[in-house]
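Taken together, the values in this text are just the output of simple stated rules run on the coordinates, not laboratory data. Only a predicted model underlies this, so the values are computations on that prediction, with no experimental measurement involved. Please note: Cβ atoms are built from the backbone with ideal geometry, for glycine as well, and neighbour counts cover all protein chains shown.
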Amino acid sequence: MKHLILIFVFILLYGCFSPVTSSEKNGGTDFNKQRETTMETEKERYTAFLTGCIPLAKNTVTRLEDKAIGFIALTENATTGYQWHCTISDTKILAPCGDDRFDFNRPDSTGAAMQHVWKFKASGKGTCRIIFKYFRAWEGEGKAADVCEYEVTVQ
């Protein structure tokens, strides 16, 4: 029993007097440096994701060549429950071909908004509409906080 008490006291004392890490000494700058590196990586990932893509303009007609890829980037804060929901009027003209979220926030920005990016491939001639509604799934699209519309003509 004395041995167990001595081991417990030793563990307790060691925990109280353990050396401070360099990150703790300099106010957590190692974490900030890591976050800056992560943000640079996020920018590189964003750039790579959109390479060769054409931005689609809101509330106007965007013209795309057949087989071209267009993109739409919207700010989204999923931590509030709100998310963008996409409807395409004709997927034979414009088909979804990927989406991703990108976090460009500072490390102390808990719950901050992110960029949600969708890509669409022109797959047939004609005109179609893309409608995004920003709502909580449990409330339904009738309570959308925002609506964005895009019109695309594929030549």
Subject >> Separation in nanometres of the label points that stand 7 Å from Cα toward Cβ, at A78 and T60 >> reply: 3.1
**OP:** Would you please give the residues with an amide H less than 5 Å from that of G124, counting only those at least 5 places away or on a separate chain, with H modeled from the backbone geometry?
**Re:** K67
Subject >> Net lengthening on full extension, A95/E40 (0.36 nm per residue, minus Cα-Cα) >> reply: 16.8 nm
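Kirkwood Rh, Cα Rg: Rg to Rh for region 89-155?
Values: Rg = 15.3 Å, Rh = 14.2 Å.
In region 89-155, Rg relative to Rh is 1.08.
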Original post:
For region 103-149, with the dipole built from +1 on Lys and Arg beta-carbon atoms and -1 on Asp and Glu ones, taken about the Cα centre, which of H116, C128, G140 lies farthest toward the positive end?
Top reply: C128
Original post:
Taking the simple approach of a point 7 Å from Cα along Cα-to-Cβ for both R129 and Q155, what is their distance in nm?
Top reply: 2.4
